[in-house]
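Undergrad: Submitted below is the structure of interest, expressed as structure tokens.
The values are calculated or read from the model by the stated rules, or taken from the named source; none is laboratory data. Predicted model, so just to flag it, every value in this text is computed and none were measured. All Cβ positions, even for glycine, are placed from backbone atoms using ideal geometry, and neighbour counts span all protein chains on display. Ligands, DNA and RNA are stripped out before the accessible areas are found, and what is left, the full protein with its side chains, is counted by its heavy atoms. Shrake-Rupley method; radii C 1.70, N 1.55, O 1.52, S 1.80 Å.
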Amino acid sequence: VRLAESGGGLVQAGGSLRLSCAASGIIFSITAVAWYRQAPGKQRELVADITPGGTTDYADSVKGRFTISRDNAKKTVVYLQMNTLKPDDTAVYYCKARVIGRLGDLPRDYWGQGTQVTVSS
């Protein structure tokens, strides 16, 4: 299973970006998916997650600005819409997915390689 993030880049404060996380490989189902971020010199932190039923949760620092969602057509794609970006949002953003590879397999967590988001003031 491979996760590929895309959509990062350089944006001015107040701007928006949409990150995508696409899973590929042998996948029976994807359960929880989460976005994390890691800024230089800081620990990786949870930004947002979404359950199979669509329940979402967000870090306090991004509530009201970020939205995590699944692509209803492409069951293996999850998005992170980021609005009203701030310089403090600058980090490498990673997605993590809990995947059942084949029917009967135990779920396993996979990480993407990350995508850089830089917000200038």
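Undergrad: For region 1-118, which semi-axes, largest first and in whole Å, follow from the square roots of 5 times the eigenvalues of its Cα gyration tensor? Working shown, then result.
TA: Working: eigenvalues 124, 38, 31 Å².
Square roots of five times the eigenvalues give 25, 14, 13 Å.
Undergrad: Something else about it: Quick one: with all protein chains in place, what share of the accessible area of the chain is carbon or sulfur, to the nearest percent (1.4 Å probe)?
TA: Working: 3280 of 6710 Å².
Taking all protein chains in place, the chain shows 49 percent carbon and sulfur surface.
Undergrad: Which of the trypsin sites (Lys or Arg not before Pro) found in region 1-92 are loop residues per DSSP with 14 or fewer other Cβ atoms within 10 Å of their Cβ? Don't jump to the answer; show the numbers that get you there.
TA: Details: sites: ARG2, ARG18, ARG37, LYS42, ARG44, LYS63, ARG65, ARG70, LYS74, LYS75; in loops: LYS42, ARG44, LYS63, ARG65, LYS74, LYS75.
Hits after loop and neighbour filter: LYS42, LYS63, LYS74, LYS75.
Undergrad: Give, in nm to one decimal, the length gained when the segment between ALA59 and SER6 is fully stretched (0.36 nm per residue of separation minus the Cα-Cα distance). Could the numbers behind the result be given before it?
TA: Working: separation 53, 0.36 × 53 = 19.08 nm, distance 2.10 nm.
Extra length from ALA59 to SER6 when fully extended: 17.0 nm.
Undergrad: Right, another one. Just subtract the alpha-carbon distance of GLN43 and ARG102 from 0.36 nm times their residue separation and send over the number in nm, one decimal. Don't skip to the end; give the middle numbers.
TA: Values: separation 59, 0.36 × 59 = 21.24 nm, distance 3.27 nm.
That pair, GLN43 and ARG102, stretches by 18.0 nm at full extension.
Undergrad: Quick one: accessible area per residue over the chain, 1.4 Å probe, rounded to a whole number of Å²?
TA: Values: 6710 Å² over 121 residues.
Heavy-atom accessible area per residue stands at 55 Å².
Undergrad: Ordering TYR93, TYR110 by accessible area with a probe of 1.4 Å, largest first, what comes out?
TA: Details: TYR93 0, TYR110 45 Å².
The most accessible residue leads, giving TYR110, TYR93.
Undergrad: So, one more: Between TRP111 and ASN72, what's the calculated FRET efficiency when r is the beta-carbon distance and R0 is 35 Å? Round to 0.05. Mind showing how you got there, number by number?
TA: Working: r = 24 Å, r/R0 = 0.68.
In this case the efficiency is close to 0.90.
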